[in-house]
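Shown next, in structure tokens, is the structure this report addresses.
The values are calculated or read from the model by the stated rules, or taken from the named source; none is laboratory data. Being a predicted model, the structure only gives us computed values, none of them experimental. Virtual Cβ from ideal backbone geometry, glycine too; neighbours counted across all protein chains shown.
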Amino acid sequence: MAKKLSLSAKLIVFPDLVVCEHCDRVYRRIALAPGEVARCEQCTAILYRANRLDVDRWLALTVAAAIVFVIANVCPVVRISMQGLHNETTLWQSTAALAYGPGAPIAVPTAISIIVAPLLQITLLAWVLAFARTGRRAPGFAQAMRMLVALRPWSMIEVGLLGILVAVIKLSSFLQVAPGPGIWATAVLVLLITLIASRDIHWLWELTEYNQQRQAGRT
């Protein structure tokens, strides 16, 4: 009679090894100097990068990104004036307006790329890093890490900022257009998202695994 595998069995992890995502070649992880990059010898794909930020600084930048994200979505990005009349629009309103015009098919991808994906990135990173700061794994750690990797191609807030700048330049020849606080916050958010989301998150597995093993050894 075949034995059933227990779903609760503890998985064996090897934090000192790294597997190439493209050719599945296995390497032993080594310490890198700041700015160095480890590449696969077979396919030259990037395996991991040296982390210049520790957990505390990474978390601080993530909190800053959360604050700037709120400002970018609450404050108007542009103010349009014509013959004494004026109107303001926020990032949310600009995205929602696409649903009522010829650009309706791209309304949902736009909302995901410049609002939903960055929000999820910031939230998940803050959740994971808050626990990693104490050497623990957050509840749902594995799922959060997988989502962070999956969200990277979808977060394109810099494309939204470029679209806003193009619209401002085109409208300025017909109307009085003034940039609002939201557009400056969006520019800062692009920089912060690049800093916090481009880090190699794989080392968080090692950090939390190492601390868990230390705590288990003490008990």
### Task
Tell me, please, whether a residue that is within 17 Å of the chain's Cα centre (by Cα), buried (at least 20 other Cβ atoms within 10 Å of the Cβ), among the hydroxyl-bearing types (Ser, Thr, Tyr) and within 30 Å of residue 54 (Cα to Cα) can be found in region 108-126.
yes
### Message
Being modelled with pLDDT under 85, among the aliphatic types (A, V, I, L, M) and assigned to a helix (DSSP H, G or I) is the requirement here; does residue 149 meet it?
### Response
yes
### Task
Could you please give the count of residues in region 51-88 that are surrounded by 17 or more Cβ atoms within 10 Å (Cβ to Cβ), modelled with pLDDT of 90 or more and over 17 Å from the mean Cα position of the chain (by Cα)?
0
### Query
Looking at region 27-50, is at least one residue at pLDDT 80 or above and touching a helix residue (DSSP H, G or I) at 6+ places or on another chain (Cβ under 9 Å)?
no
